[in-house]
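The values are calculated or read from the model by the stated rules, or taken from the named source; none is laboratory data. These numbers were taken from a predicted model, which means no experiment stands behind them. Here the Cβ positions follow ideal geometry from the backbone for every residue, glycine too, while neighbour counts run over all protein chains shown. Note: accessible area is taken over every heavy atom of the protein model, side chains too, but ligands, DNA and RNA are not part of it. Shrake-Rupley method; radii C 1.70, N 1.55, O 1.52, S 1.80 Å.
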Amino acid sequence: MRSRGGHGGRGGLSARLKLALSYAGFLAVAGALLLTVVWAFILRYVPDNSQGLLRISPNRYLLVHMFAPAAAAAMAFLLVFGLLGGWLLAGRMLAPLTRITDAARRAGSGSLSHRIRMTGRRDEFRELSDAFDSMLEQLESHVAEHRRFAANASHELRTPLAISRTLLDVARRDPDRDRGEVIERLHAVNARAIELTEALLLLGRGDRADFPREDVDLSLLAEEAAETLLPLAERRGIALDVTGGAARTRGSAELLLRLATNLVQNAVVHNLPAGGTVTVHTEEEDGGTSVLRVENTGRPLPPELVPTLTEPFQRGSARVRTDEHAGAGLGLAIVRSVVRAHNGTLDLAPRPAGGLLVTVRLPRTR
């Protein structure tokens, strides 16, 4: 059984007992100092005569013999009173800490839904309780997000594997089937699985932020991403334009190139069927910020949908595609992960005429 007010474990005295002993010791020292003051400043000026004056006039001899037993009794009372009173006061003062300890034990056992919600005046224990509740809320949110991510990742990876198994079963049952067609479909499915796996690894790498950093110009990365995706834009009849000037920052060139590529590809794929535009702009703002801004035309987006687009595997009902660029809903999630790893900010805003405006701000380097 765990004691709530006695000895708190195998390491020695509990905090409550230590406080009680401290209170009792303080009272004992205060009493001893008071007796010392009485002796030093009162009794020393009383005449010292062992006989007294017919026991009528008090002297030091009589006062000492009369005062000593009373002083000893007072010291014993102070010690006992200090222990009992200190024990009660310490228990009352440490009661909030006991609630926090119980909540920490429940959180350690896997229950993150419990909250302390301490009431009363705002003191150190109340602030600790509120901070602990905030930490539990964030942990619960992160754990739930990771569970959803793991479930979605498992589902996305299981789909190409199941398709591959189906194609292999069909080829085995039907030897006369055109093997070239089966091989092409298997190649496409396998490429899809590899792309998804690489995206998941990239997302995890961005979250860890354990990569070498170098000086990078976002304008060069934007031009490279636009040049890579220009054939895709031309096939869809979308005008792709890169404007602005140098935007220097410090980070991983590989991750920042993937960030720019994902933004441009997202802007091209989720655009008008024909006649759309994508504008990529880079600049350096006052205040030490480098900006990468990607704006595209497209269908109007519901305002409540925009904040969810950076969640992993979140495509949105108006953004689902069934062609070769269907994606797994990781593009903007990777962008958000890379931006956070570089201590930047990501802002998504729907355009009134339709489409999306994405603004990335990163710390600028000289």
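Within the shell of other residues whose beta carbon sits under 13 angstrom from the beta carbon of Glu140, the net charge comes to +1, with Lys and Arg scored +1 and Asp and Glu -1. Farthest towards the positive end of the charge dipole of region 161-284, among the residues Asn266, Leu167, Leu220, is the Cα of Leu167, using unit charges on the Cβ of Lys, Arg, Asp and Glu. Packing-based ranking of 179-185, 27-33, 257-263 yields 257-263, 27-33, 179-185, ordered from highest to lowest mean Cβ neighbour count within 10 Å. Reported to the nearest whole Å, the Cα centre-to-centre distance from region 345-366 to region 214-277 is 13.
What number comes out for the charge environment of Gly110, summing +1 per Lys or Arg and -1 per Asp or Glu over other residues with Cβ under 13 Å away? Before the final figure, lay out each step's value.
Working: positive: Arg105, Arg106, Arg147; negative: Glu140.
Taking every Cβ under 13 Å from that of Gly110, the sum is +2.
With the convex hull drawn around the C-alpha atoms of region 178-281, the volume per residue stands at 119 Å³.
Couplings for region 107-122, taken from phi via the Karplus curve 6.51 cos²θ - 1.76 cosθ + 1.60 with θ = phi - 60°, read 5, x, 8, x, 8, 9, 7, 6, 10, 6, 6, 6, 9, x, 5, 7 Hz in order; Gly and Pro are left as x. Looking at region 179-296, the accessible area is 50 square angstrom per residue; that uses a 1.4 Å probe and ignores ligands, DNA and RNA.
Amide H to amide H, with H built 1.01 Å from N, Gly244 comes under 5 Å of Thr282, counting only residues 5 or more places away or on other chains.
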